[in-house]
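Visitor: For reference, the structure I am asking about is given below.
Each value in this text was obtained by applying a stated rule to the coordinates, not by laboratory testing. None of these values were measured; they are calculated from a predicted model. Methodologically, a virtual Cβ is constructed for each residue, glycine included, from the backbone with ideal geometry; neighbour enumeration extends over all protein chains shown.
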Amino acid sequence: MQPPYKVEIQRLPGNEDVPLPVKMSAGASGYDLHAAIVEPIELAPGERKLIPTGFALSMPNGLEAQIRPRSGLAFKHGITTLNTPGTIDADYRGEVKVLLINLGAEPFVVSRGERIAQMVFQTVPVIDLAEVGALDQTVRGAGGFGHTGV
């Protein structure tokens, strides 16, 4: 097991009552994120809104934070994140925000402090892209979307 990465977190002014990201169990991969909104926000079916979380991060190069839906909100209410997973790059220092959409049939109200998404940290490999004139051949070839019949 490798030693932990140091990720600094800054609570933004006016959000002292909003919980910082937290793992809800010892084996959880993701940190739950909470809505840092002033007033409740209603999401009508099909509507999307950008929800602030009240914090910013500083991560070392080689890490990214991915913003993902919470399974309970998705299953019970049809609430998910649009750009899933959303990527927070290591050099971004602004407030982390979550792009929620209501894919359910009923309006959904987001309240201050409510758990709205989860954040999972991932390592980012260093890649050397090398342009070539032709690629090696495989059995699959260029078969893409649905090519296996599923």
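Visitor: Count charges around Y31 for me, please; just the other residues with Cβ under 13 Å from its Cβ, Lys/Arg as +1, Asp/Glu as -1.
Guide: +3
Visitor: If you rank V124, V38 by fewest surrounding Cβ atoms within 10 Å, what's the result?
Guide: V38, V124
Visitor: Another question, if that's okay. Quick query: amide H of I79 versus all other amide H atoms, modeled in the peptide plane; which residues come in under 5 Å with a sequence gap of 5 or more or a different chain?
Guide: A74, L103
Visitor: Same structure again: Which shape class applies to segment 8-123: rounded if a/c is under 1.5, otherwise prolate when a/b exceeds b/c and oblate if not, where a ≥ b ≥ c are the square roots of the Cα gyration tensor eigenvalues?
Guide: prolate
Visitor: While we're here: Which of G27, G149, P4 sits farthest toward the positive end of the charge dipole of the chain, with +1 on the Cβ of Lys and Arg and -1 on the Cβ of Asp and Glu?
Guide: The one lying farthest along the dipole's positive direction is G27.
Visitor: Taking the Cβ of G78 as the center, what net charge do the other residues with Cβ under 15 Å away carry, scoring Lys and Arg +1 and Asp and Glu -1?
Guide: Around G78, the charge tally is +1.
Visitor: Filter the GluC sites (Glu not before Pro) in segment 40-92 to those in DSSP coil with at most 15 other Cβ atoms within 10 Å of their Cβ, and list the result.
Guide: E47
Visitor: Whole-Hz ³J(HN,Hα) for each residue in segment 33-46, computed from phi via Karplus 6.51 cos²θ - 1.76 cosθ + 1.60 with θ = phi - 60°, x for glycine and proline: what do you get?
Guide: Running phi through 6.51 cos²θ - 1.76 cosθ + 1.60 with θ = phi - 60° gives 10, 10, 6, 10, 9, 7, 10, x, 10, 9, 9, 6, x, x Hz.
Visitor: Hey, fewest Cβ within 10 Å first, where do H34, H77, H147 land in order?
Guide: Starting with the residue having the fewest Cβ neighbours, the order is H147, H77, H34.
Visitor: What net charge is computed for the residues neighbouring I88, neighbours being all others with C-beta under 14 Å from the C-beta of I88, Lys and Arg scored +1, Asp and Glu -1?
Guide: Net of charged neighbours comes to -2.
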